[in-house]
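Notes follow the structure.
The values are calculated or read from the model by the stated rules, or taken from the named source; none is laboratory data. None of the values given here were measured: they were computed from a predicted structure. Because the Cβ atoms are built from the backbone with ideal geometry, glycine has one as well, and the counts that use them run over all protein chains shown. Each accessible area value is taken on the protein alone, full model and side chains, heavy atoms only, with ligands, DNA and RNA left out. Shrake-Rupley method; radii C 1.70, N 1.55, O 1.52, S 1.80 Å.
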Amino acid sequence: MLTVAFLHQDVTAQPGIRLPVPVFMQEMMDAKGQAPKMTRMENFLDFAAISENLQLQPVFYPWRRAISKAANGEGLIFGMARNKQNEKNFHFSLPVHSRYFFLVTRADAQFPFHDWNDLKGKSVGVPRGAQFNEAFEAHQDKLFRLEQDSPEPLSRIYKLLFKRMDAAVFASPVKNPKMLENRLQTLREEHKGGLPQIDDVELAVLPNPLMTENLHFAIRSDKDDGVIGQLNDAILRARKAGILEDIR
């Protein structure tokens, strides 16, 4: 990846180039303890390095720590919820791409979901420390009961299978619920734990997304020395080049 090559250059010998800027991102591991591929983001970081002389260095942390480091002004963050509270302290870039959040249930315990009221009285599992939009936060622990859980997907999968929650929230980069359903089912099949009582129970992704979120870069307002403007230029150019989806 081009970003790595740029980071190994002697940037102090090139006065026109900014030092690498850390980008705090959520630490994500699959069930094998490996980080998932980030091809789309890697392509954009390479593009920003070339088009804007902007070196962005991903740094992965548990989400709460990533937010804390960004709040301390130590660098950019990617994926922070853009809401009124965060906009008081952070400058946000243009959206980079979208993420879709779906409700997952046992296949034999599906329920119709069309709006928030369909979650009345339900227990909904989410990764501990996750941030969602203002509508979600307005309804949590009022309309539905929030179950804070491990970021590890298998934890929520098994709690669903054993009926310890009614639904769990999972994110997907695509809007097709079947792709998420297949991914979760494959993950479950790879890690069967000799539990015959749930061997025949399938997972189901409810067809309508719970919410759609645009993902941005953000930096503490008083630390923005022009990096958000550079990022916006890179994002617009990347869209024209077909590297990023066109978000309206």
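Hey, among 50, 77, which residue is open to solvent by less than 40 Å² (accessible area, probe 1.4 Å) and not small (Gly, Ala, Ser)?
Working: 50 fails: open to solvent by less than 40 Å² (accessible area, probe 1.4 Å).
Only one candidate passes the filter, namely 77.
For a quick check of your reading of the model, give me the residue pairs whose first member lies in segment 147-173 and is free of Cβ contacts under 8 Å to residues at least 24 places away in the same chain, whose second is surrounded by fewer than 17 Cβ atoms within 10 Å (Cβ to Cβ), with beta-carbon atoms closer than 7 Å and at least 6 apart or on different chains.
Taking only residues 6 or more apart or on different chains, the pairs are 148/128; 150/128.
Here are some conditions: (1) aliphatic (A, V, I, L, M); (2) under 16 Å from residue 77 (Cα atoms); (3) assigned to a helix (DSSP H, G or I). Residue 234 meets all but one. Which one does it not meet?
Condition not satisfied by residue 234: (2).
Could you list, in sequence order, the residues of segment 87-97 that are open to solvent by less than 20 Å² (accessible area, probe 1.4 Å) and either within 14 Å of residue 220 (Cβ to Cβ) or of a type in the set (Ser, Thr, Tyr) (or both)? Can you show your working first?
Let us first name the residues in segment 87-97 that are open to solvent by less than 20 Å² (accessible area, probe 1.4 Å), namely 90, 93, 96.
Within segment 87-97, 90, 93 meet the criteria.
Please specify each residue of segment 105-129 satisfying the condition of being open to solvent by 40 Å² or more (accessible area, probe 1.4 Å), charged (D, E, K, R) and not in a loop (DSSP other than H, G, I, E, B).
108, 118, listed by residue number.
Based on this model, can you work out whether residue 238 counts as at pLDDT 95 or above and either surrounded by 15 or more Cβ atoms within 10 Å (Cβ to Cβ) or in contact with a Leu (Cβ under 9 Å, 6 or more places away or on another chain) (or both)? Quick ask: steps written out before the conclusion?
Numbers: at pLDDT 95 or above: no; either surrounded by 15 or more Cβ atoms within 10 Å (Cβ to Cβ) or in contact with a Leu (Cβ under 9 Å, 6 or more places away or on another chain) (or both): yes.
So residue 238 fails the test.
For (1) at pLDDT below 65; (2) open to solvent by 30 Å² or more (accessible area, probe 1.4 Å); (3) within 18 Å of residue 233 (Cβ to Cβ); (4) among the polar types (S, T, N, Q), each residue gets a yes or a no:
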site	(1), (2), (3), (4)
12	yes, yes, no, yes
19	no, yes, no, no
30	yes, yes, no, no
34	yes, yes, no, yes
37	yes, yes, no, no
45	no, no, yes, no
56	no, no, yes, no
62	no, yes, no, no
67	no, yes, no, no
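Sort out which residues of segment 140-178 are in a helix (DSSP H, G or I) and closer than 16 Å to residue 208 by Cβ, and write them in order of number. If you could, list the steps in order and put the result at the bottom.
Filtering segment 140-178 for residues in a helix (DSSP H, G or I) gives 153-161, 177-178.
Selection gives 177, 178.
Consider only pairs whose beta carbons are under 6 Å apart and that are at least six residues apart or on different chains; among these, list those whose first residue lies in segment 206-234 and is aromatic (Phe, Trp, Tyr) and whose second residue is open to solvent by less than 10 Å² (accessible area, probe 1.4 Å).
217/76; 217/93; 217/231
Restricting to segment 85-137, give me the number of residues that are of a type outside the set (D, E, K, R) and under 16 Å from residue 212 (Cα atoms).
Step one: list which residues in segment 85-137 are of a type outside the set (D, E, K, R), which gives 85-86, 89-98, 100-105, 107, 109-114, 116-117, 119, 121, 123-127, 129-133, 135-136.
Next, only the ones that are under 16 Å from residue 212 (Cα atoms) stay: 94-98, 100-104, 113-114, 116, 126, 130-133, 135-136.
Residues meeting the conditions: 20.
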